[in-house]
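FYI, it's all coordinate maths here, none of it is from the lab. The shown structure was predicted, so the numbers you read here are calculated from the model rather than taken from an experiment. Neighbour counts run over all protein chains shown; Cβ positions are idealised from the backbone, glycine included.
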Amino acid sequence: MLLKDIKTWVTVPPSGIGGSFWVIVKVTTDNGIEGIGECYGIPVSGDIACAMVEDTFERYIAGEDPHHIETMFRRVYSAGFTQRPDISMMAVFSGIEIAIWDILGKAHDVPVYQLLGGQFHDRLRTYTYLYPEALSADGSPGEGAPDVYHDGDAAAARALDYVDMGFTAVKQDPAGPYSFQGGRELSLTELNRCEDNLRKIREAVGERADILFGTHGQMTTSSAIRLARRLEPYDPLWFEEPCPPDQMEAIGKVAAATSIPVATGERLTTRVEFHQALKVGVSILQPDIGRSGGIWETKKIAVLAELFNAQIAPHIYCGPIAHAAAAHVAFSCPNFLILETIQTEFHDAILQRPLDWEAGYMPPPGEPGLGITLNEAVIESHPYIGGGRLHLEMCQTVLDSNNSKTITEIE
């Protein structure tokens, strides 16, 4: 059995939830077994991302035995005389590699988690962001919808909706825009909004749910510590990526200054960068399997985390294929904490059968491989048109800590 062909798609989720487009991969063997994968966050236009995936497959993967995961990883990791973590190439490889594991599971007639050490957990605890009930085409709150990011009462009400669905943890990031300039000092307006949102969510959900406080590298070290001290009374389960991902020592200083566990990882790749996070004191790792190096590398990251008494909480902000792949790794890991989840009509529609939830938990899939099948017609009916937004975008405005400048004025 050898890896023979590859096909790629870029599809556009109508709601914008999960990113502005998804890069989906199908790999076929010479004996006809198909596997599917998904790349996360390649920072170029979708058509260029597909060309990168196809070039990498033909250059390093085609004709290889699918069992040779380590060999294929080393080839792509070292591509072009790099031999270092490269977020674009590892996202390219991750999608291909996920598809190869789907093939291996089907070839051996077992779910992928059985090839990763076997099933450790009976079910996976999951969480969700606080998404508005009504959304516009770009994923922002629709007309008349309450603003769950900047209105603490709306956030609390939406949190209760999700808790009533069975979720035992909810997340949001009310801190402010994610500017290309890097860390900055939050304004008092932003600090007050964050504290107000968290307080009102905690008052609403009580002990029924954990609160995950997401930030995305907006802050300087000092600003992150100021915010953490405001949040500590409400006992969030974690404080996520408080400083930019290229400031790992700063993230470590925040971790040392607060009782809240610090989490990070969605913008990191390979065990090299996650090891750096562990060494500075990060206690919850958030690898995104479509960027971190794929299934095998993410399993290694989880094993490495065990040596630091740390846990993994896989990041998901993409389509359901990477979501399914992350679940297989999670089922096999003793130090799994919780899995991010997204469910929209489009997430369900691009699969022949949607992913399963049982009151906020995911049961183990029993089918071979990833246990999912694409609905290619739906994917192709939502095509990407070149030149549009990237998967995710940074705010291109230079920001300051002026208390009169609110997020609505910036946007």
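General observations
- LYS171 long-range amide H proximity, modeled H, under 5 Å: THR128, TYR129, LEU130, LEU212
- Cross-link partners of LYS200 among lysines, defined as those whose alpha carbon lies under 22 angstrom from its own and excluding same-chain residues fewer than eight positions apart: LYS171.
- Relative exposure of THR269, THR344, THR126, judged by other C-beta atoms within 10 Å (fewest first): THR344, THR126, THR269
- When the C-alpha to C-alpha distance is required to be over 21 Å, the pairs from LYS279/LYS299; LYS4/LYS300; LYS26/LYS300 that qualify are LYS4/LYS300; LYS26/LYS300.
- Built amide H within the under 5 Å cut-off of ILE312, gap 5+: LEU285, PHE336, LEU337
- Whole-Hz ³J(HN,Hα) from phi, Karplus 6.51 cos²θ - 1.76 cosθ + 1.60, for segment 192-209, glycine and proline x: 5, 4, 4, 5, 5, 4, 5, 4, 6, 5, 4, 4, 6, 8, x, 8, 6, 8
- DSSP bridge orientation in segment 114-366 - percent antiparallel, rounded to nearest 5: 15
- Distance from the Cα centroid of segment 311-384 to that of segment 249-293 is 23 Å (rounded to whole angstrom).
- Amide hydrogen proximity for VAL262: with H placed 1.01 Å from N in the peptide plane, the residues at 5 or more positions away or on another chain lying under 5 Å are PHE239, SER283, ILE284.
- Taking the Cα centre of the chain as reference, the dipole from Cβ charges on Lys and Arg (+1) and Asp and Glu (-1) amounts to some 1040 debye.
- Helix 152-165 and the longest principal axis of the C-alpha atoms of the chain enclose an angle of approximately 40°.
- Cα-based helix-to-principal-axis angle, 320-331 vs the chain, degrees rounded to 10: 90
- Farthest toward the positive end of the dipole of the chain, out of ASN192, TYR40, PHE73, is the Cα of PHE73, where the dipole comes from beta carbon charges about the Cα centre.
- Taking only the Cα atoms of the chain, the radius of gyration and Dmax are 20.4, 64 Å.
- Over the chain, Cα pairs under 8 Å with separation of 6+ residues give a relative contact order of 23 percent.
- Backbone geometry of segment 348-358 corresponds, through the Karplus equation with coefficients 6.51, -1.76 and 1.60 at θ = phi - 60°, to 3J(HN,Hα) couplings of 6, 5, 7, 10, 5, 9, x, 4, 9, 10, 10 Hz, x marking Gly and Pro.
- Overall form of segment 3-111 per C-alpha gyration tensor (a/c, 1.5; a/b vs b/c): oblate
- MRE, 222 nm, helices only [DSSP H, n ≥ 4, -39500 (n - 2.57), over the chain, to nearest 500]: -10500 deg cm²/dmol
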